[in-house]
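Asker: Before anything else, here's the structure in question.
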Amino acid sequence: MDNFAEQLVKKELTKSDKTHNIIILILGIFMVLFFLLTSVLTIGRGGLFAFIGVILALAFGFLTFSKLQNTKVEYEYTFTNGELDIDKIIAQKKRKEMLTVQVGKFTDFGRYNENAPEEPDDMTVVFATNNIVSQEYYADFQHEEYGKTRLVFCPDERMMENITKALPNILKNRLC
């Protein structure tokens, strides 16, 4: 019988992310208005300058919109027969595979809080979380591409049930 679970986790924006978005929006609006105003003021001098101003305003409007859309991030966890796949979905359009790992190869696993062991300097940390600390778990393992790796993620009950079944016995016993 196959063990399968899938979960979609929406990344919540931090205060820093929100501030960054506000700055991008203000700068984008300023640049669009600047180029539109420049276009209006140069209409009498020739249509080319006005046309270039409109094109630049449209370009900055599009860039601002795209940049703000790219801050909408979701993570998809897929567990299939002991294998955990993590994908990053940006603006519900672009999908990027982050990593794949066999849960049986976890060397450490637990809640990601102040009691979690610190990551060594040579460890790669992969965050695939919603930024809600009370829901976060970590998993340490050796990865082919990243070397020593720590995954920080937010599995729900069904995902945790499947992960727990696939954990090495030493880690299962520690969870109980």
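The values are calculated or read from the model by the stated rules, or taken from the named source; none is laboratory data. Bear in mind the structure is a predicted one, so any value in this text is a computation, not a measurement. Every residue, glycine among them, receives a Cβ derived from its backbone with ideal geometry; neighbour counts consider all protein chains shown.
Asker: Got a sec? Which of T64, T71 is at pLDDT 95 or above, surrounded by 13 or more Cβ atoms within 10 Å (Cβ to Cβ) and of a type in the set (S, T, N, Q)?
Answerer: Just one listed residue meets the conditions, T64.
Asker: Could you check the stretch 103-132 and list, in sequence order, the residues that are in a helix (DSSP H, G or I) and either closer than 20 Å to K88 by Cβ or of a type in the set (F, W, Y) (or both)?
Answerer: Passing the criteria: only V103.
Asker: Checking I24 against (1) under 28 Å from D140 (Cβ atoms); (2) in contact with a Lys or Arg (Cβ under 8 Å, 6 or more places away or on another chain), which test does it fail?
Answerer: For I24, the failing item is (1).
Asker: Restricting to the stretch 85-109, count the residues that are small (G, A, S) and within 21 Å of the chain's Cα centre (by Cα).
Answerer: Total meeting the criteria: 1.
Asker: For the stretch 100-122, how many residues meet the condition of being modelled with pLDDT of 95 or more and among the aliphatic types (A, V, I, L, M)?
Answerer: 2
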